[in-house]
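Data first, discussion second: the structure below is written as structure tokens.
The values are calculated or read from the model by the stated rules, or taken from the named source; none is laboratory data. Predicted, not measured: the structure shown is a model, and the values here were computed from it. Backbone-built Cβ (ideal geometry, glycine too); neighbour counts: all protein chains shown.
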Amino acid sequence: MTAAGDGRARGPLLVPPEVTRAKFDQQITQWHEHAETYAQRGWQLLSVDDLSVDVGMVRHIQMGGRALPVITVCVRIDYWNFDLWPPSVTFIDPISRQPSPPLVRAVSFDHTSTEPRDALIDAHPDTMQPFLCLPGIREYHNHPQHTGDDWLLHRHRHEGDLATVCERLWLRMARNVVGSAFAAEVRQVSSGDVVSMPFQFQVQLLQDDPDAIERNFRQQKSHQEAFDRLVAEQAAGHGADSTGTGGTADQVPPAETDPAPSRRERYESAPDVGVFPTSQDSALQPSAPAQDAAEPAGQR
């Protein structure tokens, strides 16, 4: 067994070091060639070690009216024996760089994909650490349930490339982080004659389909613009009627004969799509409850 500089067990040396080193260096070169694009996505190359890299995914989260950069996931990708073996992915703490469970799940909102919706498994039988259950990841192919899906069946697809691994992490654990939720709890604790009320505060990152959010926002905006045009047309029509008949504003027909309210009711009775952000980096606001969408417009 061979260990890395930080003591991690890597297994036997099966590929000549110079071969693995050349392939690893190629991965790093390709990263630097596209570093500007990766930086715009929030991909941060934190360190390059002996045949391994530490990568963090940064996402802007709206908190208190400000967009705060948050590392939603941080991993160590190890290329020992590459590419006879696929790379190993270990979730780590971005400060201590020690193995640590991630803050978010590895969720996919692509319902046409054959891959699992949540690819984060909480414990691998060999390491008891959470792992990414996707082809191209060593922990996936080493799992007893995947003995029939050998890595060599996937190698030609470049599923072990650094950019490919990071793309899948970003889609499942960074790009779909759309906001945060806060929870506060006060508990009464008694110890003898002393009664204390400790205050607990929790923050949770929320994940959702960013493409669906954008579509719903555009749909809501389109509906609002259509309604605004309708109101403007009605106002212009009332003004023209008053001028053409020589009447005054008091002579405008009663509201019950005006077709505008019925159109507005039809608009407002449409399913409520909630309040959506104007960009993917904005926090997702909670959608209205289902019963609110069914309420008649007059009860709102």
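Brief remarks follow.
- Residue in the stretch 32-51 that is of a type in the set (Gly, Ala, Ser) and surrounded by 15 or more Cβ atoms within 10 Å (Cβ to Cβ) present: yes
- Residues of the stretch 78-98 satisfying the condition of being closer than 18 Å to residue 128 by Cβ and either out of contact with any Pro (no Cβ under 9 Å at 6 or more places or on another chain) or in a loop (DSSP other than H, G, I, E, B) (or both): 88, 89, 93, 98
- Of the residues making up the stretch 112-158, those that are buried (at least 19 other Cβ atoms within 10 Å of the Cβ) and of a type in the set (D, E, K, R) are 138, 139.
- Only one of the listed residues (48, 75) is touching a strand residue (DSSP E or B) at 6+ places or on another chain (Cβ under 7 Å), modelled with pLDDT of 95 or more and either assigned to a strand (DSSP E or B) or farther than 19 Å from residue 163 by Cα (or both). That residue is 75.
- The requirement of being of a type in the set (Ser, Thr, Tyr) and in contact (Cβ under 8 Å) with a residue 12 or more places away in the chain is fulfilled nowhere in the stretch 142-157; no residue meets it.
- Members of the stretch 103-136 found to be of a type in the set (D, E, K, R) and not in a loop (DSSP other than H, G, I, E, B), listed by number: 118
- Condition met for residue 169 (assigned by TED's automatic domain parsing to the domain that holds residue 25, under 22 Å from residue 11 (Cα atoms) and either exposed (fewer than 12 other Cβ atoms within 10 Å of the Cβ) or modelled with pLDDT of 95 or more (or both)): no
- Condition met for residue 219 (modelled with pLDDT of 90 or more, outside the structural domain of residue 107 (by TED's automatic domain parsing) and either among the polar types (S, T, N, Q) or closer than 30 Å to residue 171 by Cβ (or both)): yes
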